Amino acid sequence: LLPNAFPKVSNWPETPGKKQLLFAGRFTKLKNLQRLIEAVSKLENRDYQLFLIGAGPEEKKLRQAVKNLKLENRVIFKKPVFGRELEQLIKESSWLILPSISDISPNIVLKAIALNTPVLMTKHSGFYDYLSDHLFFLKYPFNTEELIAKLDYLLELDPAHYASVKHALTKIDQGYGFEQMLERFLLLLSLWKFY
């Protein structure tokens, strides 16, 4: 097993999360963004904006869905960003949302944890067993009603509960970095030569 490493991130000051949800990644069917846009249109709490950061083959359909649902003021598209700019967007967001149908080991989730930004993501990932006490998970990513219910719940957390969710992220062992990943990779290569 060679899991992704926790990234080194900038030392950002702790600031209150803006009323924004963030997705960052490729706009593909696997990422389930059409369902996320539909869920946002049905949320009880309309104070939050959804930022979709990225590009990909589904972009035209997603933009059309936003237009059809009259969500232009609540769903904001941004071109892909990287490095400190991406870190800043993650850090200032209230939640990272990754409603993918499946996702093996998304680096964006590790980056959000390192930046102390809470996460809602699919259960169908390599993180469920490892992080089920620290993150929020969708059991059925094809179920729009579950996504709506989870988002409604998360967006209505009182400040004390939200602070406890953020505090839980600090309890995750982030000691597994790139050096440790490289050591495992080299060990794997050394074992492979015996086959």
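Quick rundown of the values:
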read-out: Net charge of Cβ neighbours under 15 Å - reference I53; Lys, Arg +1; Asp, Glu -1; value: +4
read-out: Normalised alpha carbon radius of gyration of the chain [divisor 2.2 N^0.38 Å]; value: 1.06
read-out: Length-normalised contact order for the chain - Cα pairs under 8 Å, 6+ apart - percent; value: 27
read-out: Distant-in-sequence amide H partners of L69 (H built 1.01 Å from N, under 5 Å); value: none
read-out: Paramagnetic reach from E38 in the stretch 121-161 [backbone N under 15 Å; point 7 Å along Cα→Cβ]; value: 140-149
read-out: Dimensionless Rg/Rh of the stretch 1-98 - Kirkwood Rh, Rg from C-alpha atoms; value: 0.99
read-out: Amide H contacts under 5 Å for S93, placed H, 5+ residues apart; value: K18
read-out: For the chain, accessible area per residue (1.4 Å probe, heavy atoms of protein chains only), Å²; value: 56
read-out: Entries of K91/K171; K79/K171; K61/K171; K8/K60; K8/K70; K60/K123 with Cα pairs more than 29 Å apart; value: K79/K171; K61/K171; K8/K60; K8/K70
read-out: Pairwise label distance in nanometres, F142 with R184, each label 7 Å out on the Cα-Cβ vector; value: 3.1
read-out: Dipole magnitude of the chain, debye to nearest 20 (Cβ charges: Lys/Arg +1, Asp/Glu -1, about Cα centre); value: 740
read-out: Other-chain or far-sequence residues with amide H under 5 Å of F51's (modelled H); value: L21, L22, F23, I76
read-out: Under the Karplus curve 6.51 cos²θ - 1.76 cosθ + 1.60, θ = phi - 60°, whole-Hz ³J(HN,Hα) for the stretch 18-26, x wherever Gly or Pro sits; value: 5, 7, 9, 9, 10, 10, 9, x, 7
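The values are calculated or read from the model by the stated rules, or taken from the named source; none is laboratory data. All of these numbers come straight from a predicted model, not from anything done at the bench. We place every Cβ from the backbone using ideal geometry, glycine too, and count neighbours over all the protein chains shown. These area figures cover heavy atoms from the full protein model, side chains too; ligands, DNA and RNA do not enter into them. Shrake-Rupley method; radii C 1.70, N 1.55, O 1.52, S 1.80 Å.
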